[in-house]
Amino acid sequence: VQLQASGGGLVQAGGSLRLSCAASGRSFSTYAGGWFRQAPGKEREFVGMISMSRTYTRYVDSVKGRFTISRDNAQNTMWLQMDSLKPEDTAVYYCAAARAAVGGRDAHEYDYWGQGTLVTVSS
């Protein structure tokens, strides 16, 4: 499956952005979906995941209550809604797919990756 992330940009602190991840090649419904981010000079960090069936989500503590992951398997698309953005959310955001019903927090558990989209939050 090929993944294409989009929707990044520049936003002021407190603002919102919605990232999209479009899948092609194979049905996205057979994969768990995940979002990761990498800030300059830092390692790639788990942001959150959504199960294959959409019934289960998990987030890193720093984004709980502010970020929401959703997916529409019929559209082969996954979204990351980011609200109340903070400057420390600035990073390149990547979507990923795991050949599993539920994805984990480790990047090595994901088999396919999008190219990344830059999110910059100004203070």
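For the range 57-89, the tally of residues that are in contact with a Ser or Thr (Cβ under 9 Å, 6 or more places away or on another chain), under 19 Å from A100 (Cα atoms) and either in contact (Cβ under 8 Å) with a residue 60 or more places away in the chain or part of a strand (DSSP E or B) (or both) stands at 9. Scanning the range 90-106 for residues that are under 12 Å from W35 (Cα atoms) and surrounded by fewer than 17 Cβ atoms within 10 Å (Cβ to Cβ) returns G104, R105, D106.
When the residues of the range 27-54 are filtered to those that are in contact with a Phe, Trp or Tyr (Cβ under 9 Å, 6 or more places away or on another chain) and either part of a loop (DSSP other than H, G, I, E, B) or of a type in the set (S, T, Y) (or both), the one that is surrounded by the most Cβ atoms within 10 Å (Cβ to Cβ) is Y31. The set of residues from the range 68-89 being crowded, with 22+ Cβ neighbours inside 10 Å and within 21 Å of A22 (Cα to Cα) comprises I69, R71, M78, L80, M82. Which of (1) open to solvent by 60 Å² or more (accessible area, probe 1.4 Å); (2) assigned to a strand (DSSP E or B) does A22 not meet, given it meets every other one? Status for A22: all satisfied but (1).
The values are calculated or read from the model by the stated rules, or taken from the named source; none is laboratory data. A quick note: this is a predicted structure, and the numbers were derived from the prediction, not measured. Here the Cβ is made from the backbone with ideal geometry for all residues, glycine too, and neighbour counts use every protein chain on show. To get the accessible areas, we keep the full protein, side chains included, count just its heavy atoms, and leave off ligands, DNA and RNA. Shrake-Rupley method; radii C 1.70, N 1.55, O 1.52, S 1.80 Å.
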